[in-house]
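Here's the structure, in structure tokens; my notes come after.
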Amino acid sequence: MLLWNLSQDSFLEVVNEIKDKLPGGSVIDPKVLWQLLGGNVRALADLAINYGWNVTAWLNSIIRHVRYLIFREAQLLNISGASPLITRIKIFLGNNNPRPDDLIYEASIDRAPLIEYNVLIYVLGKPLMQLPNEEWVGNDYAYQLPAYYWVLRTMISKESINVTSSEVINEIINSAK
């Protein structure tokens, strides 16, 4: 569990220690990284090693993954295209906030792909852990990475699966205001 989720303070401490080694120094806002990675050190290593600290490229891979799952879900539900599914999810939620428990219990969503493709995880024994009290963590389920939450939230907000990494970052920044 420790590798899945460092506390925000511990995660920001790690990011600040390595910040000077990042291309361009402090180009990446550590608080934005927290919102995308949620203390996941494995994802931080993936960003560093496989993406050379290129948050845009890393986030684009997350967007592609979510887009694929939305298309897959639309096919499973015999819905023509992804936009009607996004609209359906938005209507169910009543807003742009796809909290994990709300999303998983939405009657028309098939839980299997979300869990099978590591978008959502079952939070077993949550009271015994120190999970962050953030929008991407519910009572029963949590997003494996907060980036999935933010990508889906941006898609719902735009009512389109065609979102950019910049729009996702803006969604994070605007939500903090």
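The values are calculated or read from the model by the stated rules, or taken from the named source; none is laboratory data. Predicted model, so just to flag it, every value in this text is computed and none were measured. Every residue, glycine as well, gets a Cβ built from its backbone with ideal geometry; the counts of neighbours run over all protein chains shown.
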field: Leading residue by the ranking (modelled with the highest pLDDT) among those in the range 19-32 that are more than 21 Å from the chain's Cα centre (by Cα), outside any loop (DSSP other than H, G, I, E, B) and farther than 15 Å from residue 54 by Cβ
entry: 19
field: Subset of the range 57-69 [under 14 Å from the mean Cα position of the chain (by Cα) and either surrounded by fewer than 17 Cβ atoms within 10 Å (Cβ to Cβ) or within 21 Å of residue 166 (Cβ to Cβ) (or both)]
entry: 58, 59, 60, 61, 62, 63, 64, 65, 66, 67
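Check 59, 69 and return the single one that is within 24 Å of residue 133 (Cβ to Cβ) and assigned to a helix (DSSP H, G or I).
Values: 69 fails: within 24 Å of residue 133 (Cβ to Cβ).
Checking each option against the conditions leaves just 59.
Just checking, how many residues over the range 93-121 are part of a loop (DSSP other than H, G, I, E, B) and either surrounded by fewer than 16 Cβ atoms within 10 Å (Cβ to Cβ) or at pLDDT below 75 (or both)? Explain how you work it out, then say what you get.
Pass one, the range 93-121, residues part of a loop (DSSP other than H, G, I, E, B): 94-99, 105-110, 117-119.
Filter again for either surrounded by fewer than 16 Cβ atoms within 10 Å (Cβ to Cβ) or at pLDDT below 75 (or both), leaving 94-95, 105-110, 117-118.
Adding up the residues that qualify gives 10.
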- prompt: If we scan the range 150-169, do we find a residue that is under 15 Å from residue 66 (Cβ atoms), at pLDDT 75 or above and touching a strand residue (DSSP E or B) at 6+ places or on another chain (Cβ under 6 Å)?
  reply: no
